[in-house]
Each structure stands twice: as structure tokens, then as C-alpha cells.
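Below you'll find the structure, written out as C-alpha cells, and then a few comments.
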Amino acid sequence: MAASQNGGVSDPQNEAKRLKTDGNDAGEAGELTAESSISGFEVGRILRESAREKNIFVHGKINDQEAVIILEKTPITQDVLQEMLKNSTRMLEMRNDIYSTYQLRPPPHLNGVKTTVICPATEKHVKKYLRQEMFLIEETEEDYQSITLPYINSQSFSLQWVYNILEKKAEADRIVFEDPDPGVGFVVLPDFKWDQKQLDDLYLIAIVHRKDVKSLRDLTCDHLPLLRNVREKGLDAIMKRYSVPASKLRVMLHYQPSYYHLHVHFISLDYEAPGCGVERAHLLADVIQNLQDEPEYYRKHTLTFPIRADDTLLTKFREAGRV
Ligand code: GTA
């Protein structure tokens, strides 16, 4: 797939394959058809909505199963502009001197709404998407061992979707690059937040093959070959596929992540993605540098992270008198 001159991303063959996979909702892993999951969604509670971001997160039910649906209006790109202006029906709203406003109704194929369905959704998913007050936690090495680690071992999001990717049971046709080495290898593919229609909000993830690294906290100098490999080959693969250079990419890890299997986010510098703030993002280049300087940096240092008001981990820190 190549980046088109106008910044769009196109490859009709891959696109067709992708739509087919998406039509089956979750591939191997999913039991729902697109028909039953979307049209059968019973709206419950609005978890969050943003007029500026033009998205809405909704908790509801599909066939009596708990579900979360995320709807997001997609950006208007240069490659569809002419067709949109030419082929939309128009309704004049007002005219005043040199000023006028209209409602355009574009043809359906230019009017997509990116839709993400999570079903069955757990209570943790619902909490994750609910807009809430945030707090900062300063987690020492001891806090991690006595509070955070037992908590994440007892109740983290399932990693099934990660294993499906690594085992090619889902999203196999979306893989952009793979290094199959069991020690330093990884898979790069579009993050499910990116619809791949434009490069402005490019977002890919690299998921490592080894399963014994939960997060940044586990990293030591022994992981430097893995981290350098992800950075070098990941950047190279993105340059080859999308013509986006390293200088236009924010390559980072989250602490805490939502999913405790080591992965790295590759995000367009022009896109202010959720989780890019200093309180949660750690640039991979800085992580490598810190581990070169101090082999146990992430094991030993106090790490700060944001947490939602109703996260049980916050309760655990409060119970331990640490917040
Ligand atoms: N390709 O099945 C998947 C998949 N899943 C389940 C998660 N990811 C996946 N990618 C593929 N296939 O970037 C991606 C996530 C995320 C990464 C995990 O894996 O999109 P993380 O462990 O650091 O967790 O990264 P993180 O960042 O908390 O997860 P996430 O989901 O990005 O949530 C952060 C915030 O982003 C949310 O609170 C919400 O505000 C926002 N957000 C999440 N999903 C969407 C969405 N679909 N549309 C708009 N905003 C969203």
C-alpha cells in the first residue's frame, strides 16, 4: 500500500480484503455478524461524547450481551473533495452579503462513520471509556511489587486479540511488517483506532513476539536488542509502506498500558492521539537511552501515571495509604 500524493492511503486489493475481514466483524475471534452487532445494538448509556472530536462512546447491549460501540465521523480528505462538492445534495441555510452556509448531503460512500464494536464488553471496558476525573499516581518499585503487580495479575484485559494477531488468526492481512525472531521479533500493523484513509492520523502498533514482558516496568538492558530492533525495523517498514520518515513519528510506550503484553505505538506527529501526554507516554528513544545509561532504570525508578477515579487500582493505592 502506498501513500498517495494527497496524503491518502490506497491499495484497492488490500482495501477489498480489509473490508471483507471487517464484514465478518472479528474474524476467527468473533461470533457476531456485522448485521447483528451494529443494527441490533440497543443503546444504553452515553459514556462520553465530543462535538469537537465528532465521536460518541456508548454502552448498550447486543443480543443481551454487554457491548460498547464507538462512532466517529471520519476526516474529509483531499482525494474525495471534488466528488463531494460535485455530487452532494445541497440545502441553503442562510445567505448574508458575501456569506452563506449550506448542509451538504454527500453520497453514502463519502459519508463513512468509523465504528468500533466491543462485545461482549466487560465492566472494565465500560469504565475505560467513561469520561472521568483523573488522578496521578507516583509508583515506587515497592508499590509496583506490592500493589500494581498483584492487581494486574488478577484483573487485566484479555490478551486474546494480541495472540490472535501473533498467531495470524486475526488481522493477518493487515500486517505491514513482521520479524519472526522469537527473541527480538515483532509484528507491525495498523492500530484499530486508525482507518488508514489518511496519513494525518497514522497510527500503527508493534507487538513483540515474546510473551514475558508485561510493560515498561519489566524492561532492563537485556531488552535493548529487542527495543532497538523494534525501533529500527518498525521505522524502516513505515517509511517503505507509507513514506513517513522517523522525524514525523512519535514512537512511544504507555505506562500503564491497557494491555500487558509489550507493544510500541507509532503515531503521526501531527496527530494528538489519546495517551500522548507526558503523564502516560514514554518515547522509545528515551527508553533505550535510559536503559543504556542505567540497566535497571525502569525497575528501580518511581514511575508516574494517570488513573481514572473509579479504577480499582486507585482504590488499592488508597488502601495502602500511598495516595
Ligand atoms: N489492531 O483488536 C485490536 C486492538 N485492540 C483491542 C486494541 N488495539 C488494537 N489494535 C488492533 N486490533 O492503541 C490498540 C489500541 C491501543 C493499543 C493498546 O492497541 O487502540 P495500550 O495498551 O497502551 O492501551 O495500547 P490504551 O492506549 O489505553 O488503549 P486505547 O484503546 O488506545 O485507549 C486509550 C483512549 O483512546 C481511550 O480511553 C479512548 O479515549 C480512546 N479510544 C480508544 N479507542 C478509540 C476509538 N476506537 N476511537 C476513538 N478513540 C478511542
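Summary of computed values
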{"item": "With at most 16 other Cβ atoms within 10 Å, longest stretch of the chain clear of loop GluC sites (Glu not before Pro) (DSSP)", "result": "168-271"}
{"item": "Residue of S268, S247, S146 that the Gaussian network model of the chain assigns the largest fluctuation, springs spanning Cα pairs under 10 Å", "result": "S247"}
{"item": "Karplus 3J(HN,Hα) series, Hz, for segment 187-197 with 6.51 cos²θ - 1.76 cosθ + 1.60 (x for Gly, Pro)", "result": "10, 10, 8, x, 5, 6, 7, 9, 8, 6, 8"}
{"item": "Cleavage-rule hits (chymotrypsin sites (Phe, Trp or Tyr not before Pro)) in segment 182-217: DSSP loop, at most 15 neighbouring Cβ within 10 angstrom", "result": "F192"}
{"item": "Whole-angstrom gap from segment 105-157 to segment 269-323, using each part's C-alpha centre", "result": "15"}
{"item": "Highest-MSF residue in the chain out of V80, V287, V184 [GNM, Cα springs under 10 Å]", "result": "V80"}
{"item": "Sequence-separation-based contact order of the chain, relative, with Cα cut under 8 Å and 6+ spacing, percent", "result": "18"}
{"item": "Percent of C-alpha pairs per 10 Å bin, segment 177-248, short to long", "result": "18, 49, 28, 5"}
{"item": "Links that overshoot a 23 Å alpha carbon limit, given the list K128/K316; K214/K316; K197/K248; K193/K300; K73/K233; K214/K300", "result": "K193/K300; K73/K233"}
{"item": "FRET efficiency, D218 to H109 (Cβ-Cβ, R0 35 Å, nearest 0.05)", "result": "0.15"}
{"item": "GNM top mover of P180, P75, P106 - the chain, alpha-carbon springs below 10 Å", "result": "P106"}
{"item": "Positive-end residue, segment 116-272 charge dipole about Cα centroid, Cβ charges, pick of P225, P150, P180", "result": "P180"}
{"item": "The chain - convex hull of the alpha-carbon atoms, volume per residue in Å³", "result": "168"}
{"item": "Exposure proxy ranking, count of Cβ atoms within 10 Å, fewest first, for V278, V244", "result": "V278, V244"}
{"item": "Cleavage-rule hits (trypsin sites (Lys or Arg not before Pro)) in segment 42-104: DSSP loop, at most 15 neighbouring Cβ within 10 angstrom", "result": "R52, K54"}
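Since every read-out is calculated from the coordinates, none of them should be taken as a lab result. Just so you know, these numbers come straight off a predicted model, no measurement behind them. Cβ: placed from backbone, ideal geometry, glycine included. Neighbour counts: every protein chain shown.
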